[in-house]
Amino acid sequence: MLCSWRVKLKLLLATVTLAILLSWLYLFVGSLEYGRLLLLPPCLGEQPSRDMEREALASQVRRMEEENQQLRLQLSQVQADGRDGSPQWGASTEDGDPPRGERSNHTACPKQRTVHKCELLHVAIVCAGHNASRDVVTLVKSILFHRKNPLHFHLITDSVAHQILQTLFQSWMVPSVHVSFYNAEDLKLPLPPFFPNSPEVSWIPNKHYSGIYGLMKLTLTKALPSNLSKVIVLDTDITFATDIAELWAIFGKFSDKQVIGLVENQSDWYLGNLWKNHKPWPALGRGFNTGVILLLLDRLRRLGWEQMWRLTAERELMSMLSTSLADQDIFNAVIKQDPALVYRLPCFWNVQLSDHTRSEQCYTEVSDLKVIHWNSPKKLRVKNKHVEFFRNLYLTFLEYDGNLLRRELFGCASLPSPPSDQLQQALEELDEDDPCYDFRRQHLTQHRVHLFFLQHEFPALTDPTDVTLVAQLSMDRLQMLEAICKHWAGPISLALYMSDAEAQQFLRYAQASEVLSARRNVAYHIVYKEGQFYPINLLRNVALANTQTPYVFLTDIDFLPMYGLYDYLRNSIQQLELLHRKAALIVPAFETLHYRLTFPKSKAELLSMLDMGSLYTFRYHVWPKGHAPTDYAKWRTATVPYRVAWQPDFEPYVVVRQDCPKYDQRFVGFGWNKVSHIMELDAQEYELLVLPNAFMIHMPHAPSFDISKFRLSAGYRGCLQTLREEFHQDLSRRYGAAALKYLTAERSL
């Protein structure tokens with residue numbers, strides 16, 4: 001709009017000027033003709049003078065007409081862009097070096113090269129570990145929120161970040177977004193002969209907290225595909241406040257010699273005056289910050305970038321001994337040696353929020369901000385007089401519902417995505433008039449999944465009897481986590497059903513808890529909320545699929561296992577030789593109606609509490625047949641495991657091999673989610689063995705929303721019955737005549 005008004009104003013002024021000149025010319029020519037009629041013929045010396053004046057005036061009029069035409073054309077282009085609704089970003093007129101002492105932050109009219117709305121933009125990010133993976137999600141959200149172009153993310157990752165982010169992007173299914181992964185370990189290529197066995201960058205001593213991964217950006221000319229000509233490189237602690245296409249457009253401003261676009265460093269680090277004897281790496285003036293980089297990869301390859309930065313690093317390390325700011329030190333040393341390589345980006349493309357920076361000189365109002373860089377180890381606790389505003393902007397994207405970013409780019413051909421196409425076809429085949437449409441729609445819902453949301457460590461050695469506790473929960477069961485961790489010392493895999501905002505609340509809760517923060521063998525997997533039903537079996541499958549032990553204990557978050565159950569189960573697995581038999585070990589379930597409970601320390605104490613009425617067999621009052629086949633009367637006196645037969649509606653909590661059947665995800669909300677799983681275990685001929693000295697106790701809680709819907713809605717119960725019948729049919733197809741007993745048993749009830 002601003003550009004349009006500028007052009008309109010110029011056009012108006014030019015039109016008025018042209019009208020005045022035409023009027024002047026008309027009067028001037030008219031006066032000459034009138035003079036010829038009334039006066040004597042002019043002297044011969046006067047005629048050329050008047051002809052020259054007339055010609056000069058006509059020439060000026062022609063120039064004004066040409067300028068007028070250009071202004072009209074420019075105005076029509078600006079108006080066309082405005083009507084299209086998808087502006088084509090051009091390099092800003094002040095995207096070069098601003099005059100010393102001056103700063104212009106407002107983007108002028110599009111100029112030079114523009115970015116077409118369907119042009120594919122490439123972004124590279126180095127990411128390693130659990131914490132950086134969370135940071136990448138926030139960065140990507142801020143980019144997706146503003147973007148109008150297809151994007152290709154190039155992620156250089158360690159194995160942890162690869163697993164997390166690959167699952168996240170596959171389940172996110174954002175249209176017109178492609179993601180490629182590059183294993184950071186594969187970048188360890190041999191160096192010249194004097195370093196024959198050294199890796200690509202790990203030979204460089206680095207004091208920066210980013211470690212070896214802070215040096216990986218130096219290797220992008222080799223790491224990224226050879227046919228990729230340019231890329232925007234970003235740190236994980238970046239937040240975008242504008243469309244990334246504006247930054248991409250600046251590539252069109254590079255001169256023939258410029259290959260790297262950087263923002264000047266906004267601290268005094270490279271000036272060497274922060275403390276006595278402070279000796280930074282060599283840099284041009286204040287140096288440059290590498291949190292945001294524009295790389296012309298094809299030119300860098302032609303220049304021999306690999307050899308260039310290596311030779312520079314080797315030379316400087318002779319005196320510096322190590323880097324302090326990782327790749328940034330080496331980039332600056334190269335630029336110091338050849339300043340023509342760098343294109344200076346305006347500082348609003350990398351507003352650096354570390355302590356004692358000049359970042360406040362990069363903006364005067366909110367509209368000036370383009371990219372915010374949390375480049376201090378303090379992150380959100382950094383000192384800046386506007387930090388509250390920046391923090392709120394960051395938190396907006398941190399807690400923003402990522403499902404809302406699954407929006408199509410109209411007018412652009414979508415990148416091929418077979419899973420997305422298959423899902424769309426399945427959705428189109430649903431009958432919206434089906435009374436159970438909502439259940440079927442929920443089953444097809446693609447939930448975003450963020451695995452290993454917090455720091456997690458797998459055991460270094462594999463124990464053939466090790467067992468992981470597997471459960472799922474939502475925000476209203478969060479208080480159970482500490483108690484379960486106190487009762488179970490072994491590994492735990494949990495799937496948490498949360499919104500983006502709730503996931504951040506959970507993160508703060510876990511980090512503040514002494515019990516939870518001390519554990520590294522608890523895996524938390526966030527499944528983001530979407531749809532109207534609780535996807536209980538999807539959650540169980542996510543938690544189950546991401547275990548690493550040979551055995552799993554399939555339980556619910558409302559149960560506290562007996563003290564020592566972890567060791568007892570491992571001993572039982574060994575004694576019963578489960579490695580050579582297909583069996584499900586049943587842990588008998590009990591419940592209390594009291595929120596405060598003195599937890600029994602042994603089977604004898606539990607039986608005493610059972611006799612006194614302070615404990616009950618699980619669901620004794622409302623659903624006794626769910627656990628009656630456990631045969632609690634026999635359990636009271638049992639000293640060895642005993643076998644029980646499957647019965648309709650049996651839903652015990654079991655220990656099985658990790659490769660057991662998955663839960664059937666058609667069952668959402670309340671009802672038949674565990675029953676169907678036990679039925680399939682029986683169909684696969686699992687032995688059902690009750691453990692004589694194991695128990696677990698259900699703690700009381702308010703009824704869930706889904707169980708309330710089940711109790712109040714006849715339609716809900718009718719759809720559950722329909723899903724049960726369809727499950728029986730599928731079971732018969734998979735297991736043949738052996739599965740007919742389940743349908744017969746159901747009908748006999």
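The values are calculated or read from the model by the stated rules, or taken from the named source; none is laboratory data. Bear in mind the structure is a predicted one, so any value in this text is a computation, not a measurement. Cβ placement follows ideal geometry from the backbone for every residue including glycine, while neighbour counts extend to all protein chains displayed. Accessible surface is based on the protein model in full, side chains and every heavy atom, while ligands, DNA and RNA are left aside. Shrake-Rupley method; radii C 1.70, N 1.55, O 1.52, S 1.80 Å.
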> Given a 1.4 Å probe and the protein chains all in place, what does the accessible area of GLU726 round to, in Å² to the nearest 10?
Replying inline: 50 Å²
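Could you tell me which chymotrypsin sites (Phe, Trp or Tyr not before Pro) in region 580-652 are loop residues by DSSP with no more than 10 other beta carbons within 10 angstrom of their beta carbon?
The qualifying sites are TYR595.
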> Which cross-chain or sequence-distant (5 or more) residues have an amide H under 5 Å from the amide H of GLN472, H modelled 1.01 Å from N in plane?
Replying inline: ALA495, ILE557
> Accessible area of HIS122, 1.4 Å probe, to the nearest 10 Å²?
Replying inline: 30 Å²
>> Largest first, please: the extent of the C-alpha atoms of region 449-747 along each principal axis, to the nearest Å.
In response: 53, 46, 41
>> Let me check against my output: what whole-number percent is the relative contact order of region 265-365, with C-alpha pairs under 8 Å and at least 6 apart?
In response: 35 percent
>> Applying a 10 Å radius around every beta-carbon, put 534-544, 511-521, 394-404 in order of their mean neighbour count, most first.
In response: 534-544, 394-404, 511-521
>> For a Förster distance of 30 Å, can you work out the FRET efficiency between the beta-carbons of ASN273 and ARG315, rounded to the nearest 0.05?
In response: 0.80
> So for LYS370, LYS207, what's the accessible-area order with a 1.4 Å probe, most first?
Replying inline: LYS207, LYS370
> Applying the Karplus parametrisation 6.51 cos²θ - 1.76 cosθ + 1.60 with θ = phi - 60° to the phi angles of region 520-533, what ³J(HN,Hα) value in whole Hz is obtained for each residue in order, glycine and proline being reported as x?
Replying inline: 10, 10, 10, 9, 10, 10, 8, 10, 6, 4, 6, x, 9, 10
> Measuring from label point to label point, each 7 Å out along Cα→Cβ, what is the ARG406 to ARG717 span in nm?
Replying inline: 3.3 nm
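Just to verify a number: FRET efficiency for SER255 and CYS118, C-beta to C-beta distance, R0 = 30 Å, to 0.05?
0.65
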> At a 1.4 Å probe, what is the % contribution of carbon and sulfur to the accessible area of region 243-302?
Replying inline: 47 percent
> Which of PHE650, GLN511, TYR524 sits farthest toward the positive end of the charge dipole of region 449-747, with +1 on the Cβ of Lys and Arg and -1 on the Cβ of Asp and Glu?
Replying inline: PHE650
> For region 449-747, which whole percent of the accessible surface, found with a 1.4 angstrom probe, sits on carbon and sulfur atoms?
Replying inline: 53 percent
>> If you average the C-alpha positions of region 550-566 and of region 650-680 separately, how far apart do those two centres end up, in angstrom?
In response: 16 Å
>> What are the ³J(HN,Hα) couplings of region 556-563, residue after residue, when phi is run through the Karplus curve with 6.51, -1.76, 1.60 and θ = phi - 60°? Round to Hz, x for glycine and proline.
In response: 10, 5, 7, 9, 9, x, 4, 4
>> 5 Å is the cut-off here: which amide hydrogens, built 1.01 Å from N in the peptide plane, fall below it relative to LEU688, excluding neighbours closer than 5 in sequence?
In response: ALA584, VAL644
>> Beyond a 28 Å Cα-Cα separation, which of these cross-linked pairs lie in this structure: LYS582/LYS634; LYS230/LYS529; LYS141/LYS207?
In response: LYS230/LYS529; LYS141/LYS207
> How much length is gained if the chain between GLU429 and PHE458 is pulled fully straight, taking 0.36 nm per residue apart and subtracting their Cα-Cα distance, in nm to one decimal?
Replying inline: 6.2 nm
> Among LYS217/LYS257; LYS217/LYS370; LYS217/LYS336; LYS662/LYS741; LYS222/LYS279; LYS222/LYS257, which pairs are too far apart, with a Cα-Cα distance over 24 Å?
Replying inline: LYS222/LYS279
>> What's the magnitude of the charge dipole for region 449-747 around its Cα centre, counting Lys and Arg as +1 and Asp and Glu as -1 at the beta-carbon? Answer in Debye, nearest 20.
In response: 360 debye
> Which whole-Hz ³J(HN,Hα) couplings does region 239-250 yield from phi under the Karplus relation 6.51 cos²θ - 1.76 cosθ + 1.60, θ = phi - 60°, glycine and proline marked x?
Replying inline: 10, 8, 10, 7, 5, 5, 4, 4, 6, 4, 4, 5
>> Need the C-alpha centroid separation for region 219-260 versus region 114-191, integer Å.
In response: 14 Å
>> Can you tell me which lysines have their Cα less than 21 Å from the Cα of LYS486? Leave out same-chain residues fewer than eight positions away.
In response: LYS601, LYS603
>> Check which residues have an amide H placed less than 5 Å from VAL126's amide H, if you skip close sequence neighbours.
In response: ILE156, LEU234
> Just the accessible area per residue of region 449-747, please: how many Å² with a 1.4 Å probe?
Replying inline: 43 Å²
> trypsin sites (Lys or Arg not before Pro) within region 609-680: which are DSSP loop residues with at most 14 other Cβ atoms inside 10 Å?
Replying inline: LYS662
